[in-house]
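Asks: Structure incoming, see below.
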Amino acid sequence: MLDSFRKASKSWVAKGLLGLLVISFGAWGIGDFLTGGGDAPPAITVGDTEVSTAALRSEFNREVNALRQRLGSDFTAEQALQLGFLERAIGRVVTEVVQTQTAQDWGMTVPDEVVARTIVANPAFQGSDGTFDRQRFQAILANNSMTEARFTEQIRSDLVRTALMQPVAGGAHAPESMVAALDRYRNETRVGEVVTLAVADAPEPETAPDEETLQALYDDNRAAFTAPEYRAVTAIVLDLDDARPLVSVSDDAVRAEYEARQSDFTTPESRTVEQVLADDAETARAVVEAVRSGASLADAAAEAGAPAPIDMGKVSPDSLPDAQSDAIFALDEGAVSDPVESAFGWHVFQVQAVTAGTVEAFDTVKGEIREELANHEAVDALYELSVDLDDTLGGGATLEQAADTLNLELVTVPAIDRQGRAPDGTPVAAVPQAPAFLNTVFASDPGEQTLMQESDSGYFVLRVDGVTPSAPRPLEDVRAQVEALWTQQRKAETQRARAEAIVAAASEGRTLSGAAEAEGASAPTRLPAVHRDGTAADDDAKAPPRPLIEALFALDPGASRVVETSDAVHVVRLVDVLDTATDDADTRTETRTALNDALGNDLYIQFTDALSRERGVEINRAVIQSAFQ
């Protein structure tokens with residue numbers, strides 16, 4: 001099916017419409033899950049279309065899987081429910097069905113050639129040379145339990161919906177007065193100066209805190225002095241390092257793998273090619289005759305009234321349609337082809353250079369192949385070792401007995417917290433720091449031996465031997481930290497008082513430099529000009545801390561204020577506001593694009609909402625709640 005589409009995907013229609021949509025592989029839609037009957041009540045009804053709970057669950061599961069790729073494999077569906085991702089799935093399902101129904105009712109279709117061009121252009125289906133790889137395409141579909149026909153129709157549905165919505169969102173154009181006002185606001189630049197009083201530079205307090213003061217400070221900051229829950233754990237952890245000694249790879253196996261994967265070690269012949277694309281055969285033949293008479297390809301094209309040559313770069317035999325590939329790879333270096341017809345017109349190819357194909361020698365890659373085979377066999381050996389361990393534990397053995405029987409390392413950890421740290425704050429090196437292991441530790445009851453668990457690097461089984469609940473550390477154990485906090489606060493108060501005195505003096509007419517000098521502070525430092533978004537106006541300058549920038553954009557020119565950061569107290573003064581309402585085409589274009597995108601998104605939402613109201617949407621909360629309990 002796709003091969004026939006590819007032949008048709010060369011038309012100007014395909015080229016024009018391809019830009020409307022970039023498809024991300026994996027978003028299959030819900031078309032195959034819409035209920036067509038049965039007794040189960042629908043989760044959602046849009047017009048005459050009923051959406052089953054299976055369709056909704058499929059969409060929700062895709063959301064969860066996407067989140068796991070970003071947040072880790074231990075992110076659960078329950079967490080996704082708590083964070084409101086089910087509502088997002090419901091919204092996407094409703095939007096897709098509403099838009100699909102509307103497009104169908106309006107008689108909108110997408111030609112086969114546009115579908116084919118979209119699939120071929122998807123980077124997920126392209127090989128290392130950047131061209132469509134059919135084997136990769138079929139493998140990805142197979143891994144996702146998709147047929148080519150089903151995927152093709154889903155792409156067609158996506159394109160139809162895009163064609164429906166693109167004129168709505170793409171038609172948003174903000175008035176130039178609005179663009180100018182927003183551009184001025186976004187790109188306003190402010191210049192300031194700052195006097196910085198480091199807390200560490202403040203004099204030490206003249207008195208020490210009494211016991212009552214320390215106790216009150218400790219009580220007010222008890223959370224900062226609270227030890228986390230710790231658990232004592234015994235575990236057996238299996239990874240590839242445990243399995244590699246169990247495998248060996250013979251020379252014959254390495255040689256056989258090399259022969260079987262010959263294509264992996266072969267770089268095919270390639271050719272550097274220029275082409276002229278003519279509108280008709282007569283013009284193309286004129287170009288060919290001129291080149292064969294001694295003219296350059298560029299001169300021949302100009303003489304024949306054809307477009308200038310196009311540099312195709314290096315091409316391989318499988319990167320082009322058969323007719324074009326056959327013509328190019330039948331030529332010697334410098335030769336020109338006879339005209340070749342395609343859906344785009346008449347091609348004339350000239351080979352600029354020939355790069356011979358190469359094959360990596362066995363001796364060059366045998367080490368790499370041996371390592372790959374060893375790792376592959378180690379994965380199998382690791383699984384078999386985990387089965388042996390599981391069987392041994394299933395027979396009633398303790399972790400200690402199983403480790404002794406199978407000659408495995410037994411890991412014992414006296415105390416570990418949820419972040420994988422020991423009481424001294426250092427990571428516990430003997431256990432995996434993966435969330436799966438730590439989550440299991442803190443989800444298990446004391447004395448419970450878990451089932452075999454799989455992690456990113458292997459397998460583990462564990463037993464929680466004891467629990468030390470989270471509790472405030474006694475004041476005596478953290479006295480030094482409490483005293484340090486008290487000292488830090490007193491020194492910060494000293495610097496704050498000096499900063500406030502500087503602001504008061506500056507507000508009475510003194511320069512910031514003079515006010516700082518009166519308080520024994522260093523002279524003000526000029527701050528680099530900054531934009532509202534926190535970036536420096538000069539690319540080579542380093543922007544000041546965010547709290548200082550926020551102060552600059554909250555002040556009137558000449559005014560000052562005190563700004564505190566974690567290690568210093570600052571006096572910030574706004575020196576100047578630079579009017580950036582210039583004719584900078586780049587910033588104006590960025591602002592116009594951002595504003596048009598925002599307006600387009602609003603129109604998209606409003607249009608979809610109007611279509612939803614017109615068709616009627618019913619969300620069966622009871623059915624959904626029952627299905628997702």
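The values are calculated or read from the model by the stated rules, or taken from the named source; none is laboratory data. What you see is a predicted model, and the numbers here were worked out from it, not measured in a lab. Note: ideal-geometry Cβ built from the backbone for every residue, glycine included; neighbour counts use all protein chains shown. Side chains included, ligands, DNA and RNA excluded: accessible areas come from the protein's heavy atoms. Shrake-Rupley method; radii C 1.70, N 1.55, O 1.52, S 1.80 Å.
Asks: Quick check, is S455 among the polar types (S, T, N, Q), farther than 30 Å from D183 by Cβ, in the same structural domain as Y383 (by the TED database) and open to solvent by less than 70 Å² (accessible area, probe 1.4 Å)?
Replies: It is true that S455 is among the polar types (S, T, N, Q), farther than 30 Å from D183 by Cβ, in the same structural domain as Y383 (by the TED database) and open to solvent by less than 70 Å² (accessible area, probe 1.4 Å).
Asks: Related question: Just one of the numbered conditions (1) open to solvent by less than 60 Å² (accessible area, probe 1.4 Å); (2) outside any loop (DSSP other than H, G, I, E, B) is not true of Q606; which one?
Replies: (1)
Asks: Kindly state which helices (runs of 4 or more DSSP H) lie completely within segment 47-144 and contain at least 2 residues that are within 30 Å of Q606 (Cβ to Cβ) and touching a helix residue (DSSP H, G or I) at 6+ places or on another chain (Cβ under 6 Å).
Replies: 53-71, 85-105, 112-121
Asks: Another question, if that's okay. For segment 249-298, how many residues meet the condition of being crowded, with 18+ Cβ neighbours inside 10 Å and of a type in the set (D, E)?
Replies: 2
Asks: Contact list please: Cβ distance under 8 Å, first residue in segment 74-85 and at pLDDT 80 or above, second residue not in a helix (DSSP H, G or I), pairs at least six apart or on different chains.
Replies: L81/F628
Asks: Would you be able to say whether some residue in segment 258-273 is at pLDDT 85 or above, assigned to a helix (DSSP H, G or I) and farther than 30 Å from A378 by Cβ?
Replies: Scanning segment 258-273 turns up no residue that is at pLDDT 85 or above, assigned to a helix (DSSP H, G or I) and farther than 30 Å from A378 by Cβ.
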